[in-house]
Amino acid sequence: TPVKNSAGKTVSYIGADIPMSMIIGKEVNFLTQMVFLFLGFVILIVAIVLWFVDFNIVFPINSMTMRTSEFAYSGSNALGENVEKIKRLDIHTGDEVENLYKAFTKMTEDTMGYVDKIVSSAEKIAQINSTFGKVVSPQVRDFLLSDNPDLGGQDLEVTVMFCDIRGFTSISERLEPQEIVSMLNRYFTCLEKPIVENGGIINKYIGDAIMAVFGVPLQSKTHAYDAWKAAQGMRAELAAFNEEIKKEGRNEIRFGIGLCSGTVLAGNIGTSNRLEYTVIGDTVNTASRIESLCKTYKTDLLISEQTKELLPDDVSLTFIAESEIRGKEKKIKLYS
């Protein structure tokens, strides 16, 4: 650069010598700073985006996933509590995640409603089954519920038992109606145990009498022996029952049991509106007639010859008589 005097004449020159390395170094430093500044800005933007995604997408979805697992694998007693936990998530993202949360919440509430209905229905069904099992024997109940209750039946080899209280009319005359019902219920409860324990079903109560059948609805090759064992158990139960009522100042109860084996028609008898699972046939009538002869032969148990032939050899029986049976042409042999 020239230096001039007051007359405008150049008197000297001024110059500066700067190395190129210094200039290049300055440019490199500037560019480096710009690059780091840009990278820092990019990292900040990425961090903000990741935080936004995590807070508005990942965290809500993870929360719903955790609550879903709790809801899916918890017991029925904890379902209501888990539904409340899902509601407390209270997700408000203003996008599809919030829509997903609302749909999921509604689904769990609806599911809880369905579960409540199912539990209520199951309780009602259990109550119906329990009541049904009291109206008919549990074996018959299960049989009817597992198969269509069509009209008709099938021929089966069974043993029919009739058991009747001796002198019940005179007993009932001394008791009030409520006392009669109470005593009969206690009496029937005692005799029910050995019948059921030996595979029999109580087909019906006829006043103070019991009609039981062995070999239905599930067939059994030992139906006669089962009935005989039940009769022995009923004898023991009656003895214990009499000890109880004697302490109450009541007279002992005596019964008669008749057993007869043979073919019966077993099935649902009646109409399409009212059915009864029962057995019918000559064997049933004969068992009833045999039971009525217990009073005649002064014994509490009479067994037909057909039943005797089906019993094991080690069962000891005594021949009682060869008796006429009303409705049958031939006499039948009776044992006890």
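The values are calculated or read from the model by the stated rules, or taken from the named source; none is laboratory data. In this text, all values refer to a predicted model and were calculated from it rather than measured experimentally. Ideal geometry is used to build each Cβ from the backbone, glycine not excepted, and the neighbour counts take in all protein chains shown.
A few remarks follow.
- Pairs meeting the criteria (first residue in segment 210-223 and in the same structural domain as LEU265 (by TED's automatic domain parsing), second residue part of a loop (DSSP other than H, G, I, E, B), beta carbons under 7 Å, at least 6 apart or on different chains) are PHE214/GLY199; PHE214/SER220; SER220/GLY199; HIS223/GLY215.
- In segment 238-289, residue nearest to LEU184 (Cα to Cα) [restricted to those that are among the β-branched types (Val, Ile, Thr) and touching a Gly at 6+ places or on another chain (Cβ under 6 Å)]: THR283
- Single residue of segment 170-184 satisfying the filter (without any contact (Cβ under 8 Å) to a residue 40 or more places away in the chain and surrounded by 10 or more Cβ atoms within 10 Å (Cβ to Cβ)) that is nearest to PHE255 (Cα to Cα): LEU184
- Failed item, numbered, when TYR205 is tested on (1) assigned to a strand (DSSP E or B); (2) surrounded by 17 or more Cβ atoms within 10 Å (Cβ to Cβ): (2)
- Hits in segment 294-324 (condition: in contact with a Ser or Thr (Cβ under 6 Å, 6 or more places away or on another chain) and farther than 18 Å from TYR225 by Cα): THR299, ILE320
- Single residue of ILE245, ILE290, ILE253, ILE320 found to be free of Cβ contacts under 8 Å to residues at least 60 places away in the same chain and in the same structural domain as VAL158 (by TED's automatic domain parsing): ILE320
- Subset tally (residues that are of a type outside the set (A, V, I, L, M, F, W, C) and either outside the structural domain of PHE214 (by TED's automatic domain parsing) or farther than 21 Å from ALA240 by Cβ (or both)) for segment 159-192: 9
- Some residue of segment 166-183 being under 26 Å from THR299 (Cβ atoms), modelled with pLDDT of 90 or more and of a type in the set (Phe, Trp, Tyr): no
- Qualifying residue in segment 240-254 (condition: of a type in the set (A, V, I, L, M, F, W, C) and within 32 Å of the chain's Cα centre (by Cα)): no
- Among the residues making up segment 244-283, those that are basic (Lys, Arg) and either buried (at least 16 other Cβ atoms within 10 Å of the Cβ) or part of a loop (DSSP other than H, G, I, E, B) (or both) are ARG250, ARG254, ARG274.
- Only one entry of ARG186, ARG235 meets the criterion of being in a helix (DSSP H, G or I), modelled with pLDDT of 90 or more, within 19 Å of SER336 (Cα to Cα) and not acidic (Asp, Glu), and that entry is ARG235.
- With respect to the stated conditions, THR286 is of a type outside the set (D, E, K, R), surrounded by 14 or more Cβ atoms within 10 Å (Cβ to Cβ) and over 18 Å from ARG166 (Cβ atoms).
- One residue stands out in segment 209-219 among those that are at pLDDT below 90 and surrounded by 18 or more Cβ atoms within 10 Å (Cβ to Cβ): the one that is farthest from the chain's Cα centre (by Cα), namely VAL216.
- The condition of being crowded, with 18+ Cβ neighbours inside 10 Å and either on the phi < 0 side of the Ramachandran plot or part of a strand (DSSP E or B) (or both) holds for ALA227.
- Being polar (S, T, N, Q), surrounded by fewer than 17 Cβ atoms within 10 Å (Cβ to Cβ) and under 32 Å from the mean Cα position of the chain (by Cα) is a property that THR222 lacks.
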